[in-house]
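S.K.: Sharing a structure, written as structure tokens. Questions coming.
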Amino acid sequence: ATNTPVPATNTPVPATSTPLPGGDSFYRAVNLGGNALVIDSNNWEAKTAANVTVNGYEACNPWTPLNPTTDANRTTMIQCAVQHWAHTVTMSNVPNGTYRVYLYAWQDWSDPGAGAFSVQLEGQVVQTNVLLNQAGQWLKLGPFDATVSDGVINVATDGGLPNLSGLEVWRLN
């Protein structure tokens, strides 16, 4: 079997505009393995969001408690993920500009032999040696800044077998 990204077809949830310190504004976020929800007063789109593709195997594990604990909606988002040894995540139809990108990853079972993975944004390695090996362990990776000039935000992983749960994007003003 091959893991080919399938373009989504539904309409995106309208984004809210919650500014971060420094004037950054929420652009878009996607629950890569689950349904639409609200996190930190921002609308997160479902895994079927338009103009977003991700490869891998979807799985939800609501029975493994998160460490550290977090609010209910973020827990729901994190516990449904897409697993692959070499993720390719794309968000297209993005207006040119500068963006701050975060990626949520978690481990749903204890794996003392887990391999580390790296994260790439726009073809450049932005973080290396990310290791998740304890059941319930999760990380919000980033912030990673990217300048978009082709209308696409490209995120990839390499190594390990990470569960990616969410992609959160802020526009730098």
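Taken together, the values in this text are just the output of simple stated rules run on the coordinates, not laboratory data. Remember, it's a predicted structure, so these values are computed and weren't measured experimentally. Cβ placement follows ideal geometry from the backbone for every residue including glycine, while neighbour counts extend to all protein chains displayed.
S.K.: I need the calculated FRET efficiency for the pair residue 109 and residue 149, taking r as the beta carbon distance and R₀ as 30 Å, to the nearest 0.05.
M.R.: 0.15
S.K.: Oh, and also: With a point put 7 Å past each Cα toward its Cβ, work out how far residue 116 is from residue 131 in nm, to one decimal.
M.R.: About 0.7 nm separates the two model spin labels.
S.K.: Projecting each Cα onto the charge dipole of the chain (Lys/Arg +1, Asp/Glu -1 at the beta carbon, about the Cα centre), which of 101, 137, 112 comes out farthest on the positive side?
M.R.: Working it through, the farthest residue towards the positive pole turns out to be 101.
S.K.: Charges only on Cβ, +1 for Lys and Arg, -1 for Asp and Glu: so what's the dipole of the chain about the Cα centre, in debye to the nearest 20?
M.R.: On the way: 6 positive and 12 negative charges, 32 e Å.
With Lys and Arg at +1 and Asp and Glu at -1, about 160 debye.
S.K.: Give the distance, in whole Å, between the Cα centre of segment 121-144 and the Cα centre of segment 57-81.
M.R.: Taking the Cα centre of segment 57-81 as reference, the centre of segment 121-144 is 16 Å away.
S.K.: Taking a ≥ b ≥ c as the square roots of the eigenvalues of the Cα gyration tensor of the chain, is the shape rounded (a/c under 1.5), prolate (a/b larger than b/c) or oblate? Provide the component values of the computation, followed by the final result.
M.R.: Numbers: a/c = 1.44, a/b = 1.31, b/c = 1.10.
Rounded.
S.K.: Let me ask you something else. Rank-order 108-118, 58-68, 156-166 by packing density, defined as the average count of other C-beta atoms within 10 Å over each peptide's residues, highest first.
M.R.: 156-166, 108-118, 58-68
S.K.: Taking every DSSP beta bridge with both residues inside the chain, roughly what % is antiparallel (nearest 5)?
M.R.: For the chain, the DSSP antiparallel bridge percentage is about 95.
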